[in-house]
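*Asks:* My questions all concern the structure below.
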Amino acid sequence: MFKSHKSLGASVAGALFALSSASAQIPGAPVLQNAFANPGLSVAANFGGGGGQSLLALAAGWGLGSGRIALSGAAGAQRSNESTRGAYGARASITAWTSAGGSLGAAAFAGVGGAPRAENENDMTNPAVLAIPAGITAGYRRNIGTNKGISAYVSPMYRWVRVTTENDSSANEGNFRVSVGIDFSFNPSLGVTAGGDFGSGETGESTFGAAVSWVPGGRR
């Protein structure tokens, strides 16, 4: 039998929200968005890649009030075409519905992320990228024992992308994508995440990622 919504959230929500702040729509990382959030601060280290690129980043997120509204941001180093450049991202989400037992949830989200142009020693240029995703997500969570928890979620979304080349010419593209992810919390402060997002089009390469999240002071 599931515990009450409050008890269930206390067991797993912290790691779940840390995931939401883990990718924050940075180029090179999947858009992973859980339907559940934790009130207060969460931080995470992100690892991502796919389509010939890789990413290492740090992220932070804040759940407002009971965690129904969540804001997150991240910055890191993206490597592609044998050059490394900075990358950034931010996202907001709102939990629109949870079941009476607290095991099911649904949320809506939108974000923005990008990276500037960069050249390597062989004059190969990475074009500037700006990406704006928006979508919905559905999640399921449950306790494992007294201190551990697990959650799985799926997020269909639309993503608009602008790519600007070295001669300042720009190309825009929009495509539909879907991401899937799993969160696991080891204890009240520490959790891990893994997942990927998938789509089509010239900017639709699949990306995969993982994160280690930490909630200062433990989950509430």
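The values are calculated or read from the model by the stated rules, or taken from the named source; none is laboratory data. Keep in mind it's a predicted model, so treat the numbers as computed, not measured. Note that each Cβ is placed from the backbone with ideal geometry, even for glycine, and that neighbours are counted across all protein chains shown.
*Asks:* Name the single residue, out of those in the range 137-165 being within 14 Å of the chain's Cα centre (by Cα) and of a type in the set (Val, Ile, Thr), that is nearest to ALA100 (Cα to Cα).
*Replies:* THR137
*Asks:* Determine which member of the set GLY67, GLY61 is assigned to a loop (DSSP other than H, G, I, E, B), out of contact with any Asp or Glu (no Cβ under 7 Å at 6 or more places or on another chain), within 17 Å of GLY191 (Cβ to Cβ) and not aromatic (Phe, Trp, Tyr).
*Replies:* GLY67
*Asks:* Moving on. Answer yes or no: is there a residue in the range 202-209 that is touching a strand residue (DSSP E or B) at 6+ places or on another chain (Cβ under 9 Å), closer than 17 Å to GLY28 by Cα and among the charged types (D, E, K, R).
*Replies:* yes
*Asks:* Additional query: Sort out which residues of the range 155-181 are closer than 16 Å to ALA108 by Cβ and among the hydrophobic types (A, V, I, L, M, F, W, C), and write them in order of number.
*Replies:* MET157, PHE176, VAL178
*Asks:* Can you list the strands (runs of 3 or more DSSP E) lying wholly within the range 137-220 that have 2 or more residues being of a type in the set (D, E, K, R) and in contact (Cβ under 8 Å) with a residue 24 or more places away in the chain?
*Replies:* In the range 137-220, 148-164, 170-185 are the strands (runs of 3 or more DSSP E) which contain 2 or more residues that are of a type in the set (D, E, K, R) and in contact (Cβ under 8 Å) with a residue 24 or more places away in the chain.
Yes/no matrix, rows are residues, columns are (1) farther than 30 Å from GLY67 by Cβ; (2) buried (at least 18 other Cβ atoms within 10 Å of the Cβ); (3) modelled with pLDDT under 90; (4) not basic (Lys, Arg):
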position: SER80; (1), (2), (3), (4): yes, yes, yes, yes
position: SER83; (1), (2), (3), (4): yes, no, yes, yes
position: TRP97; (1), (2), (3), (4): no, no, no, yes
position: ALA152; (1), (2), (3), (4): no, no, no, yes
position: TYR158; (1), (2), (3), (4): no, no, no, yes
position: SER169; (1), (2), (3), (4): yes, no, yes, yes
position: VAL180; (1), (2), (3), (4): no, no, no, yes
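*Asks:* Among the residues of the range 28-49 satisfying the criterion of being modelled with pLDDT under 90 and surrounded by fewer than 24 Cβ atoms within 10 Å (Cβ to Cβ), which is nearest to ALA115 (Cα to Cα)?
*Replies:* It comes out as VAL43.
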